[in-house]
Amino acid sequence: MAADEAPDWLARLYEEHGATLHRLAVLLGVEDQATRIVRSAFLALRRRSHRLIDPVERVFFLQEHVVHLARALRPAVEPLQMQAVEDPRQEELLTSLAFMQPRSAELLVVSHYLAVFGPDLANVMRMSVRGCNLKLEAALEELRARVDAPTPGSQPGAIESLSQELTAALRSAARLTPAPDPGMFADELELIADDGGMRFGVRSVVALTVAAVILGLVLAALTRPQIGLSAEPSPEPENTPTVIESRAIPAVVRNSPLYYVGRDEKLYRELRDLQSTGNLVRSSLEALLSVVPLDPDYRTVWGPGQLLSAEIDGDKLVVDLSAEAYATLNSPVAAERARDQVVYTATELVGNPDLRVFFRMDGGRPPEGFDSSEGYQRRGLEPMPAVWISSPRNQAQLQVGTNSIIGTVKPGLGEPVVRITDLETGAIILEATAQTTAGENVEGWRVWTVTTTLPKGNLDITATILEGDPPKPVRENKTVTVS
């Protein structure tokens with residue numbers, strides 16, 4: 001362990017990722033073993049902490065450990081079964097996973113629930129990058145073929161849209177699994193000495209040793225090649241690294257949600273790659289104070305202050321900011337916008353819509369508008385705009401050819417009209433009504449998509465919807481470069 005590392009780093013890591021990893025194990029079909037698998041992953045990480053220093057690398061280690069213990073403890077030919085969800089489209093997607101080859105279904109679950117792709121996914125799955133990409137592409141095509149028939153709420157077509165829907169469906173199913181009590185692992189975490197050793201009592205040593213031996217025997221039996229049972233060929237030895245600590249992983253937090261305020265005073269989200277720290281919530285909230293949005297129509301209403309601390313305890317997040325951060329928030333409207341930026345960023349990052357945020361200033365009482373004794377929570381879609389373009393993001397670099405424009409619209413507002421304009425010539429390349437789902441996703445939005453062929457050039461993509469009485473046009477736009 002690094003000399004300047006907090007002694008409770010493992011407990012903090014468990015608070016941030018324990019629930020997600022537990023639910024991942026449940027999605028992979030080992031609900032009865034999920035608690036034991038997650039505990040094993042964290043204890044294994046502790047033993048390697050002097051070699052695994054980077055926070056992001058530690059998270060990937062935990063994900064890899066959970067995935068492969070779950071795969072080892074579940075028969076390879078047993079199909080995945082998901083809990084039923086209320087949304088018809090999401091239920092259609094989850095049910096279709098049960099009819100796929102189990103290993104293909106597992107790859108879809110891991111990639112879309114954890115939102116990891118490319119080299120990161122290949123490392124978690126212990127596969128070559130090329131092999132992993134090919135298998136994932138084939139799995140998505142198989143899933144698309146299974147659900148492509150039009151049904152109520154169905155959105156056949158674009159793979160990008162299908163991926164977004166699958167992610168929402170998996171997260172809906174995961175929420176049906178109660179998050180484990182952080183206290184159930186606390187006793188074992190307290191037994192870990194600050195100097196890197198273990199301070200277990202005699203009974204604990206005996207119990208953990210016996211458990212380790214039994215787990216080793218079980219894994220050895222389950223992972224031994226079985227003729228006639230494997231659904232796919234065994235991986236080549238070179239695709240299974242034995243020294244996983246040696247791989248280099250960029251020290252960034254990928255696709256971290258940041259909520260900014262638009263020119264219309266509504267709340268908009270950007271997904272950004274941020275420098276990693278030991279606290280993912282702190283990393284994102286610091287970015288709200290310092291990272292300039294990619295979209296010039298967005299801004300942060302917070303002043304140029306400092307985030308002093310961000311501590312989570314169950315459903316409670318305490319955010320302590322310097323006085324400079326609050327300095328420009330001198331109206332009720334500005335305070336509400338600033339609160340929403342923090343609340344929506346934090347709740348989405350930790351996956352807890354019930355999170356209550358409490359504010360502090362320099363360790364003491366915050367200004368008026370931030371001093372609720374009950375804390376502040378999400379307010380549904382109320383602070384959001386009527387229509388959103390979620391993909392591509394502003395300043396995205398696209399390839400010539402078929403591309404999908406994906407976004408969301410509030411329920412009850414009809415279908416957006418999407419216009420694509422060449423910024424150099426002013427020519428309108430496309431103007432079409434977006435294909436929109438009949439049902440709402442887990443966050444309450446209706447998802448829309450337009451798939452078209454884009455030419456080379458600098459393009460403006462605008463989505464327009466009518467809102468209000470009398471109806472007035474509401475627009476959202478992105479600028480992209482196609483080469």
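Between VAL129 and THR452, full extension at 0.36 nm per residue minus the direct alpha carbon distance yields a gain of 113.4 nm. Each residue of region 62-73 is assigned a 3J(HN,Hα), and the resulting list reads 4, 4, 4, 4, 5, 4, 7, 5, 4, 5, 6, 8 Hz, derived from the Karplus form 6.51 cos²θ - 1.76 cosθ + 1.60 (θ = phi - 60°), x at Gly and Pro.
Using a simple spin-label model with pseudo-atoms 7 Å out from Cα toward Cβ, GLN399 and ASP362 lie 5.5 nm apart. Rolling a 1.4 Å probe over the protein heavy atoms of region 350-394, with every protein chain left in place, gives an accessible area that is 42 percent carbon and sulfur. Would you mind checking LYS266/LYS478; LYS135/LYS478; LYS316/LYS410 for any pair whose Cα atoms are more than 22 angstrom apart? Over 22 Å Cα-Cα: LYS135/LYS478; LYS316/LYS410.
Rounded if a/c is under 1.5, else prolate if a/b is larger than b/c, else oblate: which is region 276-377, with a ≥ b ≥ c the root eigenvalues of its Cα gyration tensor?
In terms of gyration-tensor shape, rounded.
Each of PHE117 and GLU431 was given a label point 7 Å from its Cα along the Cα-to-Cβ line. The distance between the two points is 3.2 nm.
Backbone phi angles across region 406-414, fed through the Karplus curve with coefficients 6.51, -1.76 and 1.60 (θ = phi - 60°), yield HN-Hα couplings of 10, x, 9, 9, 5, x, x, 10, x Hz in residue order; Gly and Pro are listed as x. Amide H contacts under 5 Å for THR328: GLY303, restricted to partners 5 or more places along the chain or on a different chain, H placed in the peptide plane at 1.01 Å from N.
Near the amide H of LEU430, within less than 5 Å, lie the amide hydrogens of ILE420, all on another chain or at least 5 residues away, with H placed in the peptide plane.
Can you work out the accessible area per residue across region 5-73, with the rest of the protein chains kept in place, probe 1.4 Å, in square angstrom?
33 Å²
Backbone geometry of region 283-289 corresponds, through the Karplus equation with coefficients 6.51, -1.76 and 1.60 at θ = phi - 60°, to 3J(HN,Hα) couplings of 4, 6, 5, 4, 5, 4, 8 Hz, x marking Gly and Pro.
When the chain is fully extended, how far beyond the present Cα-Cα distance does GLU78 get from ARG146, taking 0.36 nm per residue of separation? Numbers along the way, then the final one.
Numbers: separation 68, 0.36 × 68 = 24.48 nm, distance 1.91 nm.
Additional length available on full extension: 22.6 nm.
The simple spin-label model puts a point 7 Å past each Cα toward its Cβ; for ASP313 and SER290 those points are separated by 2.7 nm. The stretch between ARG175 and ASP371 holds 67.5 nm of extra length on full extension. This uses 0.36 nm per residue minus the Cα-Cα distance.
The values are calculated or read from the model by the stated rules, or taken from the named source; none is laboratory data. Everything numeric in this text was worked out from a predicted model, so none of it was measured. Reconstructed Cβ throughout: ideal geometry from the backbone, glycine too, with neighbour counts over all protein chains shown. Surface areas here come from the heavy atoms of the whole protein model, side chains and all, with no ligands, DNA or RNA. Shrake-Rupley method; radii C 1.70, N 1.55, O 1.52, S 1.80 Å.
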